[in-house]
Amino acid sequence: MSNRVFLIDTENINKRFIPGMTELGHADRLVIFYSEEKQLTMEVLTALANTKAKIEKYQVKQHTKNAMDFQICTYLGMLIQKYGSAYEYYIVSLDKGYMASLEFIREQYPE
């Protein structure tokens, strides 16, 4: 199994990512972005404690429109710069606004 990074946009998926966490392995990384408005619930925290994946959590402190989206895109760029193709990268979100950023990244890093 390849190394995977999942960047979780909790603003619009809330806890819908929980069922997939049982499928994650030790090589996977789960990066949770949350805000004061979308705090991590006890259900999410319990699921995080029971996953095999490495976990990172970042609280988005800016309250501007799309602040979480911008931080997720920025962090994705940082990961790609640091690790390149060593990982498969996934943004877990219902937000379609990421498509412009993803298309740009694909143009810059063709397979």
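For Thr64, Thr22, the ranking by accessible surface with the largest value first comes to Thr22, Thr64, using a 1.4 Å probe.
From the square roots a ≥ b ≥ c of the eigenvalues of the alpha-carbon gyration tensor of segment 1-60, which class results: rounded (a/c under 1.5), prolate (a/b over b/c), or oblate? It comes out prolate by the Cα gyration axes. Average accessible surface for the chain: 65 Å² per residue, computed with a 1.4 Å probe over protein heavy atoms with every protein chain in place.
Suppose R0 equals 25 Å; then what is the FRET efficiency for Ser85 and Lys57 from their Cβ-Cβ distance, rounded to the nearest 0.05? It comes to 0.50. Peptides 48-57, 4-13 ranked from most to least packed, by the mean per-residue count of other Cβ atoms within 10 Å: 4-13, 48-57. Normalising the average separation of contacting C-alpha pairs (under 8 angstrom, six or more residues apart) by the number of residues puts the relative contact order of the chain at 37 percent. Computed from label points 7 Å out along Cα-Cβ, the spacing between Thr22 and Thr64 is 4.2 nm. The count of lysine pairs in the chain with alpha-carbon distances below 27 Å, taking only pairs 8 or more places apart or on different chains, stands at 23. Simple spin-label estimate for Thr46 and Glu111 gives 3.9 nm between the two label positions (7 Å along the Cα-to-Cβ direction from each Cα). Rounded to the nearest 20, the Cβ-based charge dipole of segment 40-90 about its Cα centre (Lys and Arg +1, Asp and Glu -1) stands at 140 debye.
The values are calculated or read from the model by the stated rules, or taken from the named source; none is laboratory data. Computed from a predicted model, the values in this text were never measured in an experiment. Note: ideal-geometry Cβ built from the backbone for every residue, glycine included; neighbour counts use all protein chains shown. Heads up: the accessible areas ignore ligands, DNA and RNA and are worked out on the full protein's heavy atoms, side chains in. Shrake-Rupley method; radii C 1.70, N 1.55, O 1.52, S 1.80 Å.
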